[in-house]
Amino acid sequence: MTVSKNPEDIKKMFNKIASKYDFNNNIISLGLHKLIKRLAVSNLTLKNNMRILDECSGTGDIAYYLKKRNANTDIIGVDFSEKMVEIARKKHPKITFLQEDCTKLPFTSNSFDIITMSFGLRNISDHKQAIKESFRVLEDGGQLMHLDFGKKKFISQIFDFIVKKTIHLFYGNKLPYDYLVKSKNEFFTPENLIREFESEGFILKKRKDYLFGIISMQIFEKSQTAYC
């Protein structure tokens with residue numbers, strides 16, 4: 001059965017798990033999610049005075065690692081869940097976090113040098129519109145980094161098993177993490193995801209896989225000739 005991605009249901013789910021989100025991520029990844037996020041961010045060249053948009057920012061990990069690499073950047077994190085935004089603001093008071101919908105961004109066209117999105121696109125029902133909006137607000141020649149689950153193979157099934165068993169021990173209502181496993185398994189393979197971005201005018205510049213392919217990162221560039 002295809003997992004439901006009704007926007008209001010997704011918002012309620014993430015609001016519900018927000019207070020335990022960081023704890024649960026540490027448990028199910030054995031803390032490795034932080035290392036992978038730092039490694040992914042390290043692939044971006046950050047220059048002073050860049051404007052960076054972190055979409056689906058959650059509790060602000062990627063935005064924090066971006067700011068840590070270059071404090072002289074203007075970073076805005078956006079997330080659909082108000083509870084996630086509240087936590088991000090408390091954790092990282094020097095970074096701006098806004099509750100926004102990635103399919104209807106409130107920013108002018110060509111206003112960001114870099115866009116990042118981690119573990120979020122698969123939660124958006126209209127993923128094509130989210131990609132279109134990212135393309136619109138990114139400046140010509142700007143870069144977008146996407147990070148999420150990757151190859152669907154045996155080791156990924158082991159991860160699914162660990163998630164279900166571990167969260168059952170630490171989290172009373174395991175429904176949100178049943179969703180995690182289902183949404184991961186129904187999400188695009190990295191190869192198909194690359195085609196989705198390329199169909200909207202992005203050009204793949206770099207791909208790196210982590211944890212034997214369980215996690216995949218892609219860096220795209222906004223084509224300066226797309227739709228001309």
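Residues of the range 209-225 that are farther than 22 Å from Leu138 by Cα and either surrounded by fewer than 14 Cβ atoms within 10 Å (Cβ to Cβ) or of a type outside the set (Ser, Thr, Tyr) (or both): Asp209, Leu211, Phe212, Gly213, Ile214, Ile215.
Is it the case that some residue within the range 66-81 is without any contact (Cβ under 8 Å) to a residue 24 or more places away in the chain and farther than 23 Å from Ile36 by Cβ? The answer is no; no qualifying residue exists.
For the range 43-57, residues that are in a loop (DSSP other than H, G, I, E, B) and either under 18 Å from the mean Cα position of the chain (by Cα) or aliphatic (A, V, I, L, M) (or both) total 6.
Taking the criterion of being under 12 Å from the mean Cα position of the chain (by Cα) and either part of a strand (DSSP E or B) or hydroxyl-bearing (Ser, Thr, Tyr) (or both), the residues of the range 111-127 that qualify are Ile115, Thr116, Met117, Ser118. Any residue in the range 197-207 that is touching a residue at least 24 places away in the same chain (Cβ under 8 Å), more than 18 Å from Ile115 (Cα to Cα) and among the hydrophobic types (A, V, I, L, M, F, W, C)? No, that holds for no residue.
If you filter the range 153-176 down to residues that are buried (at least 17 other Cβ atoms within 10 Å of the Cβ) and in a loop (DSSP other than H, G, I, E, B), you find that the one that is modelled with the highest pLDDT is Lys174. Those residues that are within 22 Å of Lys16 (Cβ to Cβ), part of a loop (DSSP other than H, G, I, E, B) and not hydrophobic (A, V, I, L, M, F, W, C), I need them from the range 64-91; list them, please. Within the range 64-91, Ser81 is the sole residue that qualifies. Just to be sure before I move on: is Phe107 of a type outside the set (Gly, Ala, Ser), at pLDDT 95 or above and surrounded by 21 or more Cβ atoms within 10 Å (Cβ to Cβ) in the structure I sent? The answer is no for Phe107.
The values are calculated or read from the model by the stated rules, or taken from the named source; none is laboratory data. The model shown is predicted, which means the values in this text are computed figures rather than measured ones. Glycine also receives a Cβ, built like all others from the backbone with ideal geometry; neighbour counts cover every protein chain displayed.
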